[in-house]
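Every number here is computed from the coordinates shown, using simple stated rules; none is lab data. These figures come from a predicted structure and were not determined experimentally. So basically every Cβ, Gly included, is an ideal-geometry build from the backbone, and we count neighbours across all protein chains shown.
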């Protein structure tokens, strides 16, 4: 059992409304009657569509082929007939082609016990191929195709591998629920990654709220003979972020060098399903919470399910709901229509009361320095904000704008309610626009 | 700040003189000095440049290399300033004491104001004189304006030349007991100059925006 | 947020008005009105209405609090107008000025009207005979004068004929006889007056306990951080203790910092004016250095300077250097490597 | 005057920019970063020290014995101008950014006002050679301090939405004015008490 060596600075402690009861477990969401599956559910190029309206698809069938290396496969999450293939808007505002499938036909695979395939004898390339074919992407918020992350030059070994169980956003507890329900499967996923990366040091990082699971995991480590130790890290936002977890464990991952790898526990579970159960990534665990939601809880949801049906499943919204956010409360994107589908990137759905959602009048910056204290990346958000606002994005770039991960701590802690993240995002787009 | 446009030079030259604009009378003497030296040095430079270049075509103000022209300007201006100082000492010793170290600095003011006369290369002397006169009057107007503000608000009085029974100082009844004395200090001068530059920039910008008022609408 | 700071100053202001009566009320009203009018005059023509953020009200309020109750109406009015028009709005309004408007106004007033700025009014029921003067001014006068000096400031005051209120002597008499006499020590005359703030002086800076009440609330609510006030008062107390006595020939370690710490302007400056986020350094390290700098400046200007009691002048000087401090203390590594998650 | 008195007088009490209003343009108008400000400060310190000593030598050894006191002004103007040009040529590489930044050959005149002014103050104050040197260096230090502060403030104001008419040079003048008020806390009485105490 190790504790963090150096607590990273900055970050904020928003009042996490832990409305989801601790041991409520994961309930399987109902199968959607109509699934809208976008072909871009990862960072990189969208997948190429393999189906056309009228085709019959089975559950788990490949409907989108990865286009090049920085892309991932997309599978049908429900059996049925393809009704429409067209351009749809994603929660992040990008537009990409999406496949709409009407439910029909019977489920061959889900609900039936699956045989466990043997994997120890496979070579690295075969393992990576299984992960790639299953379309597994990072579920911790980065959504980088996992086979890219696990592919390291042959012969070299990564210095540290971290299974990141720290929640990436306050009041989202999907990872914690998964850790409680499927610890042994996650450990299997971990063993697969250890086989691929042969890391010198392996750490299972748990957040403070799942501290009571430490004995369970230490028992599993001894039982499965895995060389790994369990660490409990502060669950102060955004210390669930890759860089900060590594910083907390005292091994800073120098940029570019592939010596440190961090994977979310949900991703490990997806790897387990892909390699051992031969099941593509068609569903994930996410938290539906927020005071307007009558029964907030964790749900295993198939991709393509509309937000509207999901909220009905949780007992619908009370009248006070004014804003729905897909993703976490800090980095999530507020949605304008409830028909947007759940994708691999959605880590949660949070509903906000009227007061919390009301946009406040923006006051001028009074240089109080709270954003500097809150920024975990040692940046000076107020200066970057002012540089971007007068159009000097290049000067902002020299002062570290590229290190900004839009974690939202500065905007959260600003007493003058300045939309820092929005302006910094424009600055980064302006930069990207000028470089591209 | 574009280097050669007149307003920039004007305010540049004004900086040291502001220290003297505590009383209107000092400002008047200072402006008189600057205008005198400016005009005479302009004329002298014009004559010198024409004299030394023989009978070539219309000779440029800056005959010879910039360094030579620069040295000639230095000589002429400093000697004229020295003579103005001597004249002032004889004529009004009190004013000369009031100007103090800022009298010799007229030389530098005039170098700044005389600098880079736009388009003097092939212009008859009359044009250069008018140009210099314009600069001199601009300098004097600004300096006296600031002096008026600083003295009226800062000390509640306006001191002018003592003509006959006039006695020289106009007293502003209400202000004189509790004047804003802080305006009289160095800081007040800088503030007044700052706002003067801002106002003149706003006026010139508005003038540039609609030159004759009418045609701006196209 | 600025409304909260104004709220914290109310108890001290209330005590000042109770002590000095209606003249204090007039001075406060005039300075606040002038500040608000100046703010309106400089923002409405540009189509901006900025009174809601409460900074104009707070500036006028602080300027009024630092004024003596006897000041003629034009002095607070001019100080507030200068504070808003020149020190704040010329730079673009709230958040863009680099000098604290209230302190800029007070320094302007101290420079322009030294006389009216020291027209103190005797507090209600206070000592009547002798020139009405706050204890600090009396101490400075006494220290400047020749002759033997006792060690503690209070002793210097009483020896130089500064009379305290009879309320003070009754209370001290009672305390000395009942509480302290068994322990063999007796409080010097004037302790009660200075502690409670039953003395002449600026309207808001007379009573330290009430100011501390507001200051504690600010710290508790996190509106200001502890770094600046602690460093400021700490440095000043140390310097005053060690070097305080030199000025009056008492040798080392005879400064009597307690007396100075109980001059309200220091507490008002350290908790309400210096930590103004707009004009103090942003980072915590910057605030500490800023506090130490202010402490030393206030010490020098109070014991040797001639511009009021040193707090206003030192904060204004500190504001000049704050942007420089911001540049130096922000020299940290910018961001860890690696782009988006 | 004791050494400390000279240093404090020329650096803080009689600051060249804030109380004598000399050389305001290079400090307020220059646009380079903090490095340019350091360049200007260093340049000014050397110029003022040199011109102060040169002024003393010129005045006490040449002009006064020969009785040419009327020629003081041209002599000093020449002294400071040549010193400024020499220094500029000598550390051109050290200071190119500043001169290119303002793009005006006026700075050496602007700098002259400070240099010339200081010579006049030194000679009228009957300071000896070493005292003039120390006075020049102290004035340079004071100049550098004020330039650094004004540069830090200008860098901060560049990114703020400042009223259009006041943007740039006028605002620097107002900043200098407010700073001058702040520096008035250091007056002669304060100096006397600090040194006398």
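Computed across the range C:135-196, the Kirkwood hydrodynamic radius from all distinct Cα-Cα pairs reaches 12.4 Å. Against chain C, whose longest principal axis is taken from its Cα atoms, helix C:22-43 shows a tilt of about 10°.
Shape call for the range A:159-285 from the C-alpha gyration tensor, a ≥ b ≥ c root eigenvalues: rounded (a/c under 1.5), prolate (a/b greater than b/c) or oblate? Since a/c stays below 1.5, the shape of the range A:159-285 is classed as rounded. Give me the angle, in degrees from 0 to 90, between the Cα long axis of helix C:135-144 and the longest principal axis of the Cα atoms of chain C, rounded to the nearest 10. The answer is roughly 70 degrees. Here the calculated FRET efficiency for residue C:73 and residue B:171, from their Cβ-Cβ distance with R0 = 22 Å, stands at 0.45, rounded to the nearest 0.05.
Rounded to two decimals, the Cα-based Rg/Rh of the protein assembly as shown, with Kirkwood Rh, is 1.07.
Computed over chain C, relative contact order equals 18 percent, with contacts defined as Cα pairs under 8 Å that lie 6+ residues apart.
Stretched out straight at 0.36 nm per residue, the stretch from residue A:115 to residue A:87 would grow longer than its current Cα-Cα span by 6.3 nm.
Checking the a/c ratio against 1.5 first, then a/b against b/c, what shape does the Cα gyration tensor give for chain A? Rounded, since a/c falls under 1.5.
On the beta carbon distance between residue B:205 and residue A:362, with R0 = 30 Å, the FRET formula returns roughly 0.55. Look at the stretch D:70-82: the mean tally of other chain Cβ atoms within 10 Å of its residues' Cβ atoms is 5. Across A:223, A:243, A:41, mean-square fluctuation computed from a Gaussian network of chain A (C-alpha pairs under 10 Å connected) peaks at A:223. Projected label points at residue C:152 and residue C:119, each 7 Å from Cα along the beta carbon direction, are separated by 3.6 nanometres. Largest mean-square fluctuation among C:28, C:66, C:307, in a Gaussian network model of chain C whose springs join Cα atoms under 10 Å apart, belongs to C:307.
Note on the protein assembly as shown: antiparallel DSSP beta bridges, both residues inside, total approximately 65 percent of the bridges counted. Full extension of the chain segment joining residue A:294 with residue A:58 gains 81.5 nm, where the gain is 0.36 nm per residue of separation less the Cα-Cα distance. Here the Gaussian network model covers chain A, with springs between Cα atoms less than 10 Å apart; of A:290, A:11, A:155, A:155 fluctuates the most.
Summary of packing: across the peptides B:71-81, A:51-61, A:97-107, the per-residue average of other C-beta atoms within 10 Å ranks them, highest first, as B:71-81, A:97-107, A:51-61. Label-to-label distance, residue A:312 versus residue B:48, with points set 7 angstrom from Cα along the beta-carbon direction: 9.6 nm. Among the residues of C:272-281, the average count of other protein chain beta-carbon atoms within 10 Å of the residue beta-carbon is 2.
Over the range A:370-435, what portion of Cα pair distances is larger than 18 Å, expressed as a whole percent? Percent of Cα pairs beyond 18 Å in the range A:370-435: 24. Summarised in one figure, the compactness ratio Rg/Rh of the range D:7-183, Cα atoms and Kirkwood Rh, is 1.00.
Each Cα pair under 8 Å and six or more residues apart adds its sequence gap; the mean of these over the residue count of the range A:10-162 is a relative contact order of 21 percent. Between residue C:179 and residue C:4, the simple spin-label model (points 7 angstrom out along Cα→Cβ) gives 3.3 nm. Remark: mean inter-chain Cβ contacts per residue of A:407-417 equal 1, using a 10 Å Cβ-Cβ cutoff to other protein chain atoms. For the range A:310-351 and the range B:18-35, what is the centre-to-centre distance using only Cα atoms, to the nearest Å? Between the Cα centres of the range A:310-351 and the range B:18-35 lies a distance of 73 Å.
Taking every C-alpha pair closer than 8 Å and separated by at least 6 residues, the mean separation divided by the residue count of chain A gives a relative contact order of 19 percent. Legend: calculated FRET efficiency, residue C:296 to residue A:200, from the Cβ-Cβ distance at R0 = 56 Å, rounded to 0.05, equals 0.60. Against the longest alpha carbon principal axis of chain C, how many degrees, from 0 to 90 and to the nearest 10, is the axis of helix C:166-175 turned? The angle comes out near 80 degrees. Packing, as the average of other Cβ atoms within 10 Å across residues, places the peptides B:183-189, C:269-275 in the order C:269-275, B:183-189, highest first.
How big is D, in µm² s⁻¹, for the range A:270-317 by Stokes-Einstein at 4 °C and 1.567 mPa s if Rh is the Kirkwood radius over C-alpha pairs? Estimated via Stokes-Einstein, D reaches 109 µm²/s.
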